[in-house]
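Please find one structure pasted underneath; my questions will follow.
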2 protein chains.
Amino acid sequence: MFALGIDPGLSRCGYGAVRSEGGQLQVVAYGHLTTPTDRPLSERLSGLWTDLCELLAELSPDVMVVERVLFQVNARTAMSVGQASGLALVAAARIGCPVAEYSPNEVKLAVAGYGAASKQQVQSMVQVLLDLDEQPRPADRADALALAICHLTGCGLRSAVAEARS
Amino acid sequence: MFALGIDPGLSRCGYGAVRSEGGQLQVVAYGHLTTPTDRPLSERLSGLWTDLCELLAELSPDVMVVERVLFQVNARTAMSVGQASGLALVAAARIGCPVAEYSPNEVKLAVAGYGAASKQQVQSMVQVLLDLDEQPRPADRADALALAICHLTGCGLRSAVAEARS
């Protein structure tokens, strides 16, 4: 199973691609896509769209994992986060890539063991779980990797439960 | 000049296409695109994307006009409005259609004469300006038409000023 986590944003959109094989997690790629803040909005979004489509074509993940945001606390950034996430979801749907959604609490629970973990704790745990030489920074990269980990470890657990029951 | 106003939304995305010829405004089409609320988010957004691309291909407007939202008052709907608006902006950019943005106050000023006009007043003025048999309802249709009118009347004024100065 190969999962691509996306932490959407207009100025910076984090991504983290993780593969799970035999219960082992292995990072494939992570980074972020950026758009120039001095360009018109439609041009920035169009550039992000192209980059997202290219990223998906290059990595060809089994699933895209995004954060389920029902209520955006920061109304000031909600619009641009929404614009970026809409593009990511459609870019995935267009190539038949399924999308999984998790709440921020589910992600923190999966990665750091409890739902109220700090950004710093998530970054540390992502580093440990993926055996990285350094902490993934800035936070959007760690968040994207954490989304992928959340999905992959959840899948492992679900398979184990199904196997134990059969 | 042929302008397509878009009032973005996930459940209902309003559109209004208006042509300006010799200072006369003429409605070409208006309505709204909908997505089924019982389907997964990525499927809904993907359907909206397809509909927006088809609408643009069918109408081939000179310009798409959207609302400039710097700060979304309703944080609960900001995400889905953002997702829909992101798709509209990229759909336009992909076919080389320019995008114009106006603040809600600019639109109300252009259509109803003052920036604090009510939704009802905007609907009434859109009906009068476009010589429609009935008021465009619901509000997202009227808002989309108002955006197109705002751009077209502004263009007319700008041309007149440029002519008077030359």
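Using a 1.4 angstrom probe on heavy atoms only, work out the carbon and sulfur share of the accessible area of the range B:2-165 in %.
On the way: 3760 of 7710 Å².
Carbon and sulfur atoms account for 49 percent of the accessible area of the range B:2-165.
May I pose another question? If you take every DSSP beta bridge fully contained in the range B:2-165, what fraction is antiparallel? Give it as a percent rounded to 5. Could you put the intermediate results ahead of the total?
On the way: 16 of 24 bridges.
In the range B:2-165, approximately 65 percent of DSSP beta bridges are antiparallel ones.
For the rotation taking chain B to chain A, which residue of B has the Cβ nearest the axis, and how many Å away is it?
Result for the B and A rotation: B:GLY82, 1.
Return the FRET efficiency for the residue pair A:ASP62, B:ASN105: r is the Cβ-Cβ distance, R0 is 35 Å, and the value is rounded to the nearest 0.05. Before the final figure, lay out each step's value.
Numbers: r = 47 Å, r/R0 = 1.35.
So the FRET efficiency works out to roughly 0.15.
Here is a follow-up. What are the DSSP H helices in chain B that stretch 24 Å or more along their long axis, judged by alpha-carbon atoms, and whose average Kyte-Doolittle hydropathy comes to at least -1.0?
Values: long enough: B:41-59 (27 Å, 0.46); B:75-94 (29 Å, 0.75); B:139-165 (38 Å, 0.51).
Correct list, ordered by number: B:41-59, B:75-94, B:139-165.
Cα-based Rg of the protein assembly as shown per 2.2 N^0.38 Å, rounded to two decimals? All intermediate terms of the calculation are to be shown ahead of the outcome.
Details: Rg = 22.5 Å, N = 332, 2.2 N^0.38 = 20.0 Å.
Rg over 2.2 N^0.38 Å, computed on Cα atoms: 1.13.
Evaluate the distance, in nm, between pseudo-label points positioned 7 Å from the Cα of A:ARG19 and of A:ARG39 along their respective Cα→Cβ axes.
3.2 nm
Here is a further query. Along Cα-to-Cβ, 7 Å out, sits the label point; list in nm, shortest first, how far the one on B:GLY31 is from those in the other copies.
Output for B:GLY31: 4.3 nm, nearest copy listed first.
Here's another thing I want to ask about it. Multiply the residue separation of B:THR77 and B:SER166 by 0.36 nm, subtract the distance between their alpha-carbon atoms, and state the gained length in nm to one decimal.
Details: separation 89, 0.36 × 89 = 32.04 nm, distance 4.67 nm.
The B:THR77-B:SER166 span can extend by a further 27.4 nm.
Test of understanding: what is the full-extension gain from A:ASP131 to A:ALA116, defined as 0.36 nm times their sequence separation minus their Cα-Cα distance?
Result for the pair: 3.1 nm of gain on full extension.
Let me ask something else about it. Enter the mean number of other protein chain beta carbons within 10 Å of the beta carbon of each residue in B:91-102, as an integer.
Working: counts 5, 3, 10, 4, 0, 0, 1, 2, 6, 1, 3, 0.
Per-residue shielding by partner chains comes out at 3.
In addition: How many Å² of accessible surface get buried when B and A come together, counting both sides, probe radius 1.4 Å, rounded to the nearest 100?
Details: alone 9010 and 9010 Å², together 15860 Å².
Counting both chains, the buried surface is close to 2200 Å².
Residues of chain B: accessible area per residue at 1.4 Å, in Å²? Can you show the working numbers first?
Values: 7930 Å² over 166 residues.
Accessible area per residue: 48 Å².
Measuring label to label, 7 Å along Cα→Cβ, what does B:GLY113 give against each other copy in nm, shortest first?
6.9
Just to check I understand the Karplus step: with θ = phi - 60° and J = 6.51 cos²θ - 1.76 cosθ + 1.60, what whole-Hz values come out for the range A:18-27, glycine and proline as x?
Listing the rounded values in order: 10, 10, 10, 9, x, x, 9, 9, 9, 6 Hz.
Let me ask something else. For B:SER11 and B:GLN26 in one chain, what is 0.36 nm times their gap in residues minus the Cα-Cα distance, to one decimal in nm? Working shown, then result.
Numbers: separation 15, 0.36 × 15 = 5.40 nm, distance 2.75 nm.
Full-extension gain reported as 2.7 nm.
Next question. Under the definition of partner shielding as Cβ atoms of other protein chains within 10 Å of a residue Cβ, what is the mean value for peptide A:46-55? Present the calculation step by step, with values, prior to reporting the outcome.
Values: counts 7, 2, 2, 7, 3, 0, 0, 0, 0, 0.
For this peptide, the per-residue mean of nearby foreign Cβ atoms is 2.
The values are calculated or read from the model by the stated rules, or taken from the named source; none is laboratory data. Just so it is clear, the structure is predicted and the values come from calculations on it, not from any experiment. In this analysis, Cβ positions are derived from the backbone assuming ideal geometry, glycine residues included, and neighbour counts consider all displayed protein chains. To get the accessible areas, we keep the full protein, side chains included, count just its heavy atoms, and leave off ligands, DNA and RNA. Shrake-Rupley method; radii C 1.70, N 1.55, O 1.52, S 1.80 Å.
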